[in-house]
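Student: One structure coming up, written as structure tokens, with questions to follow.
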Amino acid sequence: MNEKTFQTLEFNSVKEELMGFALTEEGKKELWKLRPSTNIRQIEMLLDEVSEAVHILKKSASVPIHALDGVENIMGNLNKGVPMRPDQLTSLYYFLDACKKLKKYMEDKQWLAPMVSSYVYSIEEIPDLGEEINRCIRNGRVDDYASKELLRIRKQAGIQEERLKDKVQSIVKSSKYKSFLQEAIVSQRNGRYVIPIKKEFRGKMKGAVLDSSASGSTLYIEPEELSKQQDQLLTLKFEEDHEVENILWTLTGMVQTYEPQLTLAVETMVHYDVLFAKAKYSRAYDGVKAVVNEDQRIHLINAVHPLLGKQAVPLTIRMGDGFHALVITGPNTGGKTVTIKTVGLLTLMTQCGLHIPAAEGSEISIYQHILLDIGDGQSLQQNLSTFSSHIKNIINILKDTNDRSLVLLDELGSGTDPMEGMGLATAILDQLYEKGATLIATTHYSEIKHFAGEHEGFMNGSMEFNIDTLQPTYKLIVGQGGDSQAFSIALKLGMHPEIIEKAHEITYKQKKTYSLGEIDYSEKKEMEKQMIVNKHKKRNHGKIQKQTRSIISFAKGDNVQISPEGEFGIVYEGPDGLGNYTVQIKGEKRSVSHKRLRLYVSAKELYPEEYDFDIIFNSKENRKKDKLMGKRFVEGLTINLEE
């Protein structure tokens, strides 16, 4: 199972949705790394875990899994020769507190979820570490009371800094320096207090210039009388930093002492986050635990594609009891591709320990490989045609297939000559079945449907089509090959049954009777009269009749093809002075130039002599009126002739 399988079956999209239920970044990373297992015991355990987690969420949806972000990185940076920072120690303290709350949360869940609640016992309480971190670290810094020495140093530094501030203020307010100052403001440069002096009075104040303004008109001078006091304060700051580092090293040493326990606690918390994310995802689509087997038995009951949700039509499919290969036929956009993708995706989800959106009692077989050829797959970089890319992919499938493979093939044999494509598709299906694969394939070829019907281990299936609405229902019917929907649709739209019957015989090499069903009987008679064909004469095949004054001549009733649309019509009258004929096309009379007309079947071949063309060109209502008026005068009765 490679990345292409994940992408084609949209498993990566499922993982992205799943990651949205995780509370920590570490949990999201683990979910993205999900890979299917082939160990049935491991899969059953993973599924049981999710089931127990679902039971816990039904009782209490708020699981205390938090404060984990960044802790894994903190643990990874131990023993790197640097002490932990106060913010890292604070994060670790919150993590220890979350572990304590999780242990308490799981105390009353042992009967509801014995396996899931037992994991919490791997988290060892470390009260000494938590208490020491809380004592030493406050508000993101090492607290004054973390050690007696730090408290002494900070108190001395505070006293020294107050004295220094008072001294600086006295200098600024002194009348001696008032005229030298650029402004009566005290500032700092590199942690040392300085006085802003006008440049021209530089020689009036003893001290070191630590900075100047951008224009150079102001000099920032540290007065000589402040220098000694500032050096003392700086010394205290160095002592403070040294003592803070000692405290951080002490705390880091404690963390290192409990490193094994903390690492295990992190792993357990991440596992809980992953587990409850799976459970929340399951509840989002009312998922169930599939029954798993290794017998190539698939039984999905009212299953849906998880990315389609409630919009999807439920799929029910049963394989493995008597057959292991299913050939699905049906119209385009009828749901064939969604069906095989759903089977493949739900198999992947089950082998990754995820519940599936289906009804209770659904079964999934465990496979080593899920091999598929779905979609175009054309590669511009490799300069492969669509058909070539399919064949190259199928060659690899044939190499990798064994008796623990699920093979999904969409529109097998398409993209080339129909006869050769059909033969190739049939041979491929036969070879894959001989290798022991569980096989689901979609096709348009009727010959493959016949092959599946005649060979042991194969079963036909079809996507249901509502002939009344001319719309697919997206429901799979196993055990029945798809009917010729093209013929049924053509009949529904009014094509004459004789044409459809002939097409059926050409396609399937057998006769079948089609009837007009609910079409009005009188209309049926009219259609039959229109389609009387002399079966003992050869068709003219578009032979152009003699031209008169450069205009091609057509007779009333000639069946003609109109370019460039390719539509067919029947000549009503013409030509006029411009060479235009009136042609009846789909019941509508249009004026068409003779240059756009090509004789398809002449009227002589279509109709007997003295044929009443009013049957074709006049409405049934007008014909009834004409017949009535031929017998007697009827006041107010008129006939509207179509133009």
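The values are calculated or read from the model by the stated rules, or taken from the named source; none is laboratory data. Owing to the predicted nature of the structure, the values given are computational and were not obtained by experimental measurement. Note: ideal-geometry Cβ built from the backbone for every residue, glycine included; neighbour counts use all protein chains shown.
Student: Scan the strands (runs of 3 or more DSSP E) fully inside the stretch 315-366 and keep the ones with 1 or more residues being of a type in the set (Lys, Arg) and more than 19 Å from the chain's Cα centre (by Cα).
Tutor: Details: elements: 315-319, 325-329, 363-365.
Qualifying strands (runs of 3 or more DSSP E): 315-319.
Student: Answer yes or no as to whether residue 565 is closer than 21 Å to residue 494 by Cβ and either touching a Pro at 6+ places or on another chain (Cβ under 9 Å) or not in a strand (DSSP E or B) (or both).
Tutor: So residue 565 passes the test.
Student: Name the single residue that is surrounded by the fewest Cβ atoms within 10 Å (Cβ to Cβ) among those in the stretch 84-117 being part of a loop (DSSP other than H, G, I, E, B) and free of Cβ contacts under 8 Å to residues at least 60 places away in the same chain.
Tutor: First, pick out the residues of the stretch 84-117 that are part of a loop (DSSP other than H, G, I, E, B): 84-85, 110-113.
In the following step, the residues that additionally are free of Cβ contacts under 8 Å to residues at least 60 places away in the same chain were identified as 110-111.
Details: 110: 13, 111: 7.
Filtering the stretch 84-117 for residues that are part of a loop (DSSP other than H, G, I, E, B) and free of Cβ contacts under 8 Å to residues at least 60 places away in the same chain, the one surrounded by the fewest Cβ atoms within 10 Å (Cβ to Cβ) comes out as 111.
Student: Restricting to helices (runs of 4 or more DSSP H) lying wholly in the stretch 443-515: which have 1 or more residues that are at pLDDT 75 or above, β-branched (Val, Ile, Thr) and within 30 Å of residue 316 (Cβ to Cβ)? Steps first, answer last, please.
Tutor: Numbers: elements: 446-454, 485-492, 497-508.
Ranges flagged: 446-454.
Student: For the stretch 35-83, give me the residue count where each residue is assigned to a loop (DSSP other than H, G, I, E, B), of a type in the set (Gly, Ala, Ser) and either touching a residue at least 24 places away in the same chain (Cβ under 8 Å) or on the phi > 0 side of the Ramachandran plot (or both).
Tutor: Just the residues of the stretch 35-83 that are assigned to a loop (DSSP other than H, G, I, E, B), to begin with: 35-39, 60-70, 77-83.
Restricting the remaining residues to those that are of a type in the set (Gly, Ala, Ser) gives 37, 60-62, 67, 70, 81.
Add one more test, that the residue is either touching a residue at least 24 places away in the same chain (Cβ under 8 Å) or on the phi > 0 side of the Ramachandran plot (or both), and what stays is 37, 60, 67, 70, 81.
Number of matching residues: 5.
Student: Taking the stretch 565-594 only, how many residues are touching a residue at least 24 places away in the same chain (Cβ under 8 Å) and not hydrophobic (A, V, I, L, M, F, W, C)?
Tutor: Final tally of qualifying residues: 7.
Student: Scanning for something closer than 19 Å to residue 554 by Cα, acidic (Asp, Glu), modelled with pLDDT of 70 or more and under 55 Å from the mean Cα position of the chain (by Cα), does the stretch 603-624 turn up at least one residue?
Tutor: Checked the stretch 603-624: no residue is closer than 19 Å to residue 554 by Cα, acidic (Asp, Glu), modelled with pLDDT of 70 or more and under 55 Å from the mean Cα position of the chain (by Cα).
Student: With respect to residue 312, is the statement that it is touching a residue at least 24 places away in the same chain (Cβ under 8 Å) and touching a His at 6+ places or on another chain (Cβ under 9 Å) true?
Tutor: Working: touching a residue at least 24 places away in the same chain (Cβ under 8 Å): yes; touching a His at 6+ places or on another chain (Cβ under 9 Å): yes.
Answer is yes for this residue.
Every residue, every condition in (1) at pLDDT below 90; (2) surrounded by 14 or more Cβ atoms within 10 Å (Cβ to Cβ), yes or no:
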{"site": "2", "(1), (2)": "yes, no"}
{"site": "21", "(1), (2)": "no, yes"}
{"site": "24", "(1), (2)": "yes, yes"}
{"site": "29", "(1), (2)": "no, yes"}
{"site": "36", "(1), (2)": "no, yes"}
{"site": "40", "(1), (2)": "no, yes"}
{"site": "43", "(1), (2)": "no, yes"}
{"site": "48", "(1), (2)": "no, yes"}
